[in-house]
Amino acid sequence: MYKPKYRALNRWIRLGFRVNQFKNHPVLLALIPQPLLPMREQGSQNQNPVSAGDTTRMPDGRGTEMRGAGGDFMLAVLFAAIATLLVWLAPQSAWAADRDLPLLTLEGLQQQIDTPVQREGKPTVDLRGRLIDLRSENGDFRDRFYRLLQTHLQSGGTPLGLDLSNAVVRGPFDLQRLSLREPLYGEALFPLLTEQAQTQLQRDRARLSQLSELSRSLLLQPQPQAVSLFLFRWALFWSQTDFEGPVNGSNLFFLGPVMAQGTLFKQGVTFAESRFSQIASFMASQFQGEANWRGSLFFDRVRFDQSHFALSNFQNSEFFALARFTQATFAQPANFNRVHFRGTADLAQTQWQGEATFLKGQFDQEVFFTNARFEQAISLRQTRFAQPVNLRGAAVLRQLDLGDSLFGAGADLNVANLDFNADQAELLGSPGQVGRILSVPSLTGNETLLRNLVRNFRKLEQVADANQLEYLTERLRLQHWQRQLTAT
């Protein structure tokens with residue numbers, strides 16, 4: 001009997017000999033080191049016969065024996081290695097496309113509804129690793145899919161979870177069809193909400209009631225149905241889920257957490273005017289279509305770190321707790337106008353390949369743009385900052401607009417080690433004010449930056465701001481020499 005390691009080697013060699021039959025494939029030939037090709041051909045075609053003691057010389061003069069079975073053995077191992085390399089280098093998306101997932105049927109759905117599993121302490125409908133076809137050509141299954149889950153949701157008293165992790169969803173996915181329509185009056189669901197969420201629900205009801213009255217007065221006819229709110233009681237688990245169609249989560253009040261790490265949204269997704277009462281995580285997710293979060297509220301922590309956005313819209317959104325966008329990439333314009341960050345805003349190491357606008361935004365806590373990269377213009381015009389803003393190590397390649405921004409007492413803009421070239425980019429701000437809020441803790445490593453900032457304001461004819469930066473430079477220089485003298 002072979003030992004395990006020899007059995008593994010034997011399998012490897014057999015694989016190599018099987019792959020050897022494709023040795024003339026152009027892709028494999030392109031990957032084979034060129035010196036080996038003539039040697040193999042010489043052994044097979046006998047164009048230059050060699051004796052048993054001869055060797056074939058490599059270009060560098062080294063001798064390598066390539067005789068008979070020995071040459072076949074080496075080529076077999078080489079082909080096996082190349083085949084394995086091609087497999088490992090295959091795009092992950094190709095693996096995802098070829099996944100042989102079991103198709104979800106109505107019988108399978110009913111079985112999972114009847115036998116929920118425990119997920120983070122909640123009874124959860126487990127649809128992990130399924131292929132869920134909700135396309136229009138599968139309309140009967142689609143309608144009964146929503147109806148079964150909706151009926152189960154409304155009949156149970158305990159909020160449930162819905163786990164679609166590692167599943168593939170084809171066709172549009174509509175979360176409104178899995179939610180409860182709550183009338184504009186009554187407090188039946190208030191015990192399920194936090195105090196902040198209850199207050200917001202009352203505000204939403206008042207706003208929708210006013211819109212309903214306005215609509216009736218303008219149209220001079222009653223609406224076909226009463227205005228209602230969508231309450232989503234499910235806890236969502238979407239880890240590594242692939243949504244091939246658009247996802248609609250707009251105008252929903254999410255009562256449970258939303259955990260969507262590594263989710264792929266191939267088309268547009270909208271959570272406009274939605275409210276997230278518990279933690280929401282879209283960490284490392286891919287938004288390949290437009291991502292619409294306009295007017296959304298996040299009462300708990302939210303994570304978008306390491307996510308990739310195409311076109312994104314967060315206008316008028318509000319973050320009540322920590323909002324993390326660390327290492328996120330925005331490939332197209334990102335709209336953060338009138339966004340209110342009540343908690344810490346962590347946008348460190350973000351990549352902004354399109355324009356970024358934070359017009360009339362408000363930051364109540366610290367803001368981190370540390371090591372961020374802005375390839376296009378970023379606008380912070382008319383934005384309020386109550387706490388320090390950290391732009392340390394960031395790169396501004398086009399334009400940074402701070403015009404009419406307001407910085408509270410003790411708030412400043414740390415631009416230490418900022419990558420900024422006055423010949424290629426510009427920093428805009430209110431004359432006589434922007435120079436005062438720029439902060440650099442030490443002169444070491446920042447002399448070139450300070451010179452560029454002075455040149456920037458000279459070009460803009462903002463003399464007071466240029467003088468302020470020159471004064472800051474000399475003050476830091478004096479502090480540097482004082483430390484040197486003290487050290488000696």
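Here is how the numbers come out for the structure above:
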quantity: Segment 383-432 versus segment 292-342: alpha-carbon centroid distance in Å; calculated: 20
quantity: Length released on extending from Ser136 to Ala321, taking residue separation times 0.36 nm less the Cα-Cα span; calculated: 62.6 nm
quantity: Gained length - Gln288 relative to Leu103, 0.36 nm times residue gap less alpha-carbon distance; calculated: 64.1 nm
quantity: Zone of Arg475's modelled label, taken as backbone nitrogen in segment 422-453 under 17 Å from a point 7 Å along Cα→Cβ; calculated: 432-444, 446-447, 450-451, 453
quantity: Built amide H within the under 5 Å cut-off of Gly161, gap 5+; calculated: Thr124, Val125, Ala235
quantity: Debye, to nearest 20: dipole size of segment 346-432, +1 on Lys, Arg Cβ, -1 on Asp, Glu Cβ; calculated: 100
quantity: Two-site FRET efficiency, Lys266 against Asp114, from Cβ-Cβ distance with R₀ of 30 Å, rounded to 0.05; calculated: 0.40
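Coordinate-derived values only; no laboratory data. Everything numeric here is computed off the predicted structure, so don't read it as measured data. Every residue, glycine among them, receives a Cβ derived from its backbone with ideal geometry; neighbour counts consider all protein chains shown.
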